[in-house]
1. Look at Ser45 and say whether it is of a type in the set (Gly, Ala, Ser) and out of contact with any strand residue (DSSP E or B) (no Cβ under 6 Å at 6 or more places or on another chain).
2. Name the single residue that is nearest to Thr20 (Cα to Cα) among those in segment 188-218 being away from the ligand (no atom under 12 Å from the Cβ) and assigned to a loop (DSSP other than H, G, I, E, B).
3. Any idea which of Ala16, Ala46, Ala32, Ala57 is surrounded by fewer than 17 Cβ atoms within 10 Å (Cβ to Cβ) and not basic (Lys, Arg)?
4. For Glu210, indicate whether it is free of Cβ contacts under 8 Å to residues at least 12 places away in the same chain and closer than 24 Å to Asp76 by Cα.
5. So which residues in segment 7-63 are within 29 Å of Gly91 (Cα to Cα), among the small types (Gly, Ala, Ser) and free of Cβ contacts under 8 Å to residues at least 60 places away in the same chain, if there are any at all?
6. Taking the stated definitions as given, is Ile115 among the β-branched types (Val, Ile, Thr) and touching a Leu at 6+ places or on another chain (Cβ under 9 Å)?
Amino acid sequence: MSRIFITGSTDGLGLAAARTLIREGHEVVLHARSRERAAAIAETSAAALGLVIGDLASAEQTRSIAEQVNAIGRMDAVIHNAGIYLERSRGETPEGHAKTLAVNTLAPYLLTAWITRPDRLIYLTSGMHRSGGSALDDIDWKKRPWSASQAYSESKLYIATLSAAIARHWPDVLSNAVDPGWVPTKMGGAGAPDDLEMGHLTQTWLATSEDEAAKVSGGYWYHRQQRQAAAEVNDVRFQDALVERLAGLTGVRLFPQGG
Ligand SMILES: NC(=O)c1ccc[n+]([C@@H]2O[C@H](COP(=O)([O-])OP(=O)(O)OC[C@H]3O[C@@H](n4cnc5c(N)ncnc54)[C@H](OP(=O)(O)O)[C@@H]3O)[C@@H](O)[C@H]2O)c1
């Protein structure tokens, strides 16, 4: 039995993963952005080990989420699943960041730094990461006119790259990125062509399986198969430049400087 924390487990892939893991007999810690959203999953949370609350758009609330998780105990795995897609505008988080960057990249970065290090880390990315591009000078959208789709693609490139950087820096942790496919959730829309089942079973498998195939690090996955990620993801110079930018934006350093 494993103990797994899943961000964004009130809906979609996160909720599906939570229900599957609970059914398999694992201890699951759920996460909701608010008490109201927690109330929507009362039945699932009754069968879970715990539930933590906080809005990932806020660094302060993200800190509180990490503290709530650490108070429950050390996790065997964390699935960084929560995400947002096409935002109408850049938005402004309490720390002044673009909301898409904050929720999809900065929050999982901070949680990775603040939650007691688990054995396995899984980050939800997207095939759209391939449109992210390698420019890092305006990752917080302070200069460019807003493009919701480009911001999403970039945030998913950054999280896939962070996953690969963690695999390189932390050899004692299995760190992997998962593209769930285009699946019918609130985010994907009712007409999404991919399978919701296959969309979440890669995460649950990577989080818990003792199969040798699941015990690898630095992978980019789609439907339990490793795929080639965009070239930037495994480019060490891009990884280093990105983690420097993330350290600069958050004031939190994940790896020793120059390491
Ligand atoms: N669906 C797809 O086709 C697709 C494709 C590629 C990648 N993905 C990725 O897969 C992951 C899960 O997507 P999904 O389709 O399951 O999306 P979803 O149905 O919209 O669910 C997203 C989850 O994240 C939570 N969340 C969003 N913003 C939050 C915030 N600021 N604070 C706390 N929680 C927040 C949501 O909470 P609420 O319920 O309160 O909104 C919800 O539980 C995402 O990272 C997404 O980028 C999805």
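1. Working: of a type in the set (Gly, Ala, Ser): yes; out of contact with any strand residue (DSSP E or B) (no Cβ under 6 Å at 6 or more places or on another chain): no.
No.
2. Here is the first cut: in segment 188-218, the ones away from the ligand (no atom under 12 Å from the Cβ) are 197, 201, 204-218.
Next cut, assigned to a loop (DSSP other than H, G, I, E, B) only: 209-211, 215-218.
On the way: Ser209: 13, Glu210: 17, Asp211: 18, Lys215: 19, Val216: 22, Ser217: 23, Gly218: 24 Å.
Per the stated criteria, the residue is Ser209.
3. Details: Ala16 fails: surrounded by fewer than 17 Cβ atoms within 10 Å (Cβ to Cβ); Ala32 fails: surrounded by fewer than 17 Cβ atoms within 10 Å (Cβ to Cβ); Ala57 fails: surrounded by fewer than 17 Cβ atoms within 10 Å (Cβ to Cβ).
Unique residue meeting the criteria: Ala46.
4. Working: free of Cβ contacts under 8 Å to residues at least 12 places away in the same chain: yes; closer than 24 Å to Asp76 by Cα: yes.
Here the answer is yes, as Glu210 does meet what is asked.
5. Within segment 7-63, Ala32, Ser34, Ala38, Ala39, Ala40, Gly54, Ala57, Ser58 qualify.
6. Values: among the β-branched types (Val, Ile, Thr): yes; touching a Leu at 6+ places or on another chain (Cβ under 9 Å): no.
It is false that Ile115 is among the β-branched types (Val, Ile, Thr) and touching a Leu at 6+ places or on another chain (Cβ under 9 Å).
None of the figures in this text is laboratory data; all of them are computed from the coordinates on show. No experiment lies behind these values; they were computed from the predicted model shown. Glycine gets a Cβ as well: all are built from the backbone with ideal geometry, and neighbour counts include every protein chain shown.
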